[in-house]
Each structure stands twice: as structure tokens, then as C-alpha cells.
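**Q** Sharing a structure below in C-alpha cells format, with a few things to ask.
Quick note: the coordinates plus some simple rules give every number you see, no bench work behind them. Just so it is clear, the structure is predicted and the values come from calculations on it, not from any experiment. So basically every Cβ, Gly included, is an ideal-geometry build from the backbone, and we count neighbours across all protein chains shown.
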Ligand code: M1P
């Protein structure tokens, strides 16, 4: 049976945020929202899985209305699960790793960054979330212009890849995984707490005939990689929200 013939309850479409529903760290376009809510939603269940936390999801997808619009929200790789507007569960990195290991990790990161020379530095070098940490060598408190400067600098200097290699070596004894989902930072979480975590929730609670995933960071080391290669999903690589729209339109045979 083709995907276009499936009933709404049989089909789940899971979208990454940055690069898939929006351009990096920007807001979803009104035309894209209209497409998603008026054309796609009547035909399929919709979910979003992002590396960012829920606050950033609200920011980028135009506010708390997404609690009603999306069937499922999976911020922090799905380590926080929101099912039809209600929090259904969340993971806790503190409990998982324990304070001594966390302290060792945070101290090492701050020491490393204190010795790292970058053209500019701002504030918030580690953003501590429920199920993960986000490490930002320049500091998350930067303007759009400063962010763009880092993006250019990073093309030649690969600051994040270098740092991730050092951390992998230093913390080889700790159950940690690193991935890049955005432009200026990388995420750190226990092994297996990648975006497939969202699938664990779906699998335990729902029976869909098809689950499709759309994402852009699908190469190894990117934060869509593990879910992209997961046999439970039919995966689509996209480069922009326009790509996402084109693939969904064709797949559901929607009118343009
Ligand atoms: O959603 C993708 C990534 O978005 C942000 O990345 P950056 O600020 O580097 O562009 C972060 O919230 C990151 O955790 C997340 O994976």
C-alpha cells in the first residue's frame, strides 16, 4: 500500500527542527506552518524531534501553540516526551551519571575552554538541560552576527570536532556520546540517548504502520544520524524546509 493511501492514525511523520522545519536557529515561515497544519496534519500524525530544549522549540516554531498543533514534541532528542500537549516523561542526566562524574566533566570542559583561543567569546559555555548538556566554545549568549562569524571561523578551524575528539579520549571510561546538531555548539548525552529515544516512546505506546523521519544532519556525528539509519523509520534526507515540503507533498500526493 502506498503511503498516500494510509489513514491518519496509521502514519507518523517526525521532523527535525533546524534545517528541516526552519533554517538554523530561525523561526518557521508562515507558509510552511500553514502547509503543515492545514495540509499535512489532516493526513498524518505529526511530531518534531530536536536537539534543542523545549524553550528553543517554542521560540523557533512560534510559541506554545505547538503543544496543540503537534501530536508529539520530542525536545532534547526525545529525552523529554510530550504527548498531545502533556509531558509524558523525561530523562535525567544527573541521576544517570552521578555528581562526581558530572563535576569531572564540567571542570574539564571549562578548563579546556579557558585555554582555547577564539576570535571572540561570550557567556554560557555549558547549557545544562534535563537529559543532556550543550557545550558552546564561543558561548551561547551571542548575537546573530557573532554566530555567523563563528560559523565562518569553524569552516577552517573545526574547533568543535577537535574538542569532541579530546573529550572522547579523556572520558573514554564514561558512558557519553557527542553530536553536532547546530552551528556553534555540540550536544553531550549518555550513549543511546540520541534521537532514537523518541522512537522508544512511540514504540512503547503506539502502533503506526509507517513512521517517516525528515532531517538534515544525517552523516555520522550529526544528531540525525542514529534515527536516520534506524530500521523502524523510513528516512528522508533534506537540506532545507523547501525540500521537506516537496518530499511530503509528493509522498502524500497533496495538491500544491
Ligand atoms: O537543534 C539543533 C541544535 O540547535 C542548537 O545548536 P546551535 O546553537 O549550535 O546552532 C542547540 O540547541 C543544539 O543543542 C541543538 O542540537
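**Q** Among the numbered criteria (1) touching a residue at least 60 places away in the same chain (Cβ under 8 Å); (2) assigned to a helix (DSSP H, G or I); (3) more than 15 Å from the ligand (Cβ to nearest atom), which one does residue 77 miss?
**A** (3)
**Q** Also, quick follow-up: So, in segment 102-135, exactly how many residues are out of contact with any helix residue (DSSP H, G or I) (no Cβ under 9 Å at 6 or more places or on another chain) and assigned to a loop (DSSP other than H, G, I, E, B)?
**A** So the count comes out to 4.
**Q** What are the residues in segment 126-151 that are away from the ligand (no atom under 11 Å from the Cβ) and crowded, with 22+ Cβ neighbours inside 10 Å, if any?
**A** 131
**Q** Tally time: how many residues in segment 238-252 are outside any helix (DSSP H, G or I) and touching a strand residue (DSSP E or B) at 6+ places or on another chain (Cβ under 7 Å)?
**A** Qualifying residue count, segment 238-252: 1.
**Q** Would you pick out the residues in segment 165-193 that are in contact (Cβ under 8 Å) with a residue 40 or more places away in the chain and away from the ligand (no atom under 13 Å from the Cβ)?
**A** 166, 167, 170, 171, 174, 175, 176, 190
**Q** Among the numbered conditions (1) touching a strand residue (DSSP E or B) at 6+ places or on another chain (Cβ under 7 Å); (2) free of Cβ contacts under 8 Å to residues at least 24 places away in the same chain; (3) more than 25 Å from residue 202 (Cβ to Cβ), tell me where residue 140 comes up short.
**A** Answer for residue 140: the failing condition is (2).
**Q** Residue check, residue 251 against (1) under 18 Å from the mean Cα position of the chain (by Cα); (2) touching a residue at least 24 places away in the same chain (Cβ under 8 Å); (3) surrounded by 20 or more Cβ atoms within 10 Å (Cβ to Cβ), all met but one. Which one?
**A** With respect to (1) under 18 Å from the mean Cα position of the chain (by Cα); (2) touching a residue at least 24 places away in the same chain (Cβ under 8 Å); (3) surrounded by 20 or more Cβ atoms within 10 Å (Cβ to Cβ), residue 251 is out only on (1).
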